[in-house]
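Note sheet for the following structure.
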Amino acid sequence: MEPLPFRKRTVLLLPALLLLTAACGDSGELVAAGPTPTASGPVNLWPGREGAVVPPADPGGAPPEYVPGLPRVKNQDVHPVDPVALVQAELRAHPNTDVGPDGMPRETADAVLACGTEPGAKCPVLSPYYRDLTGNGKDEIVVGIELPDKMLSVRAYTADPDGRLNRIMATIDTVIGVELAGRDVILRAPSGNNGYELITAWSWDGKQRSMLPTREQIVRVPGPARPRPSTEATPGPEAGSATTTGTATGMATATGGASS
């Protein structure tokens, strides 16, 4: 029998090689996941339109907002700072301010100034938290002030090498909750759309030397879980009782909200 030409032998060997390749894929090695969708870049809509202009950032950064009337701290350690005295010092520096980061209703300002002087009175200044927000190896102090209608004033302060307290963040919002994640301050607030909340991350900007809202995200709030149907057995008639006129089904009616 004459040997097969080289081309025919190659064709006959291909099925065997394919079987070996498939067997290798079954042994835990990487296998193809199928075709992937073609990536498409963003399309610029209305390219001829004259858009808004973003003003350039101040090359010198934001000026420090030092809190006057407080003793200087040592070694940039903010832990000994009294948060109530800190807020009171800012109130005295910005009296009768209704709007802006220093804005505070008169009744709240009066309650802050009275903190510790009236027994049993609730102070609007919440317990502080500490975190290195600037990355300088020193903790900053984060202070919250309760305002009417579930609003919250959130402020953060750092100490400079001279011991002066510099306010690097101040915002007021109707807040659901506040979190510290890494070096970010995360605020969760109602988004204005039912079932959704707005999450804003405030991060340190070294060039501007202040905390800025760097990321915002609207997320859906999970709805309440639907109650499961009852699986308990239906009790039967008691011994010696008369014959029953009906049978209980044992099925509960689900009345929960929409599924998430």
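We did not get these values from a lab; they are worked out from the coordinates using the rules stated. Everything quoted here is computed from the prediction, not taken from an experiment. Backbone-built Cβ (ideal geometry, glycine too); neighbour counts: all protein chains shown.
General observations
- Taken as Cα centroids, the stretch 169-188 and the stretch 123-141 sit 12 Å apart, rounded to the nearest whole angstrom.
- Stretch gain in nm, segment Asn75-Val99, where the contour uses 0.36 nm per residue and the Cα spacing is subtracted: 5.2 nm
- Spin-label model, Ile186/Asp82: points 7 Å from Cα along the beta carbon direction are separated by 3.4 nm.
- Cβ-derived FRET efficiency at R0 51 Å, Ala32 paired with Leu126, nearest 0.05: 0.40
- Residue separation of Leu212 and Glu50 scaled by 0.36 nm, minus their Cα-Cα distance, works out to 55.6 nm of gained length.
- Peptide packing: for 103-109, 167-173, the average count of neighbouring Cβ atoms within 10 Å per residue gives the ranking 167-173, 103-109, highest mean first.
- Shape call, the stretch 83-220: gyration tensor on alpha carbons, a/c limit 1.5: oblate
- Neighbour-count ranking [beta-carbon atoms within 10 angstrom, fewest first] of Val81, Val43, Val143: Val43, Val81, Val143
- Proximal aspartates and glutamates relative to Lys74, as straight alpha-carbon distance under 12 Å, when same-chain residues fewer than 8 apart are discounted: Asp160, Asp162
- Highest mean packing first, where packing is the average number of other Cβ atoms within 10 Å per residue, the peptides 207-217, 85-95, 152-162 line up as 152-162, 85-95, 207-217.
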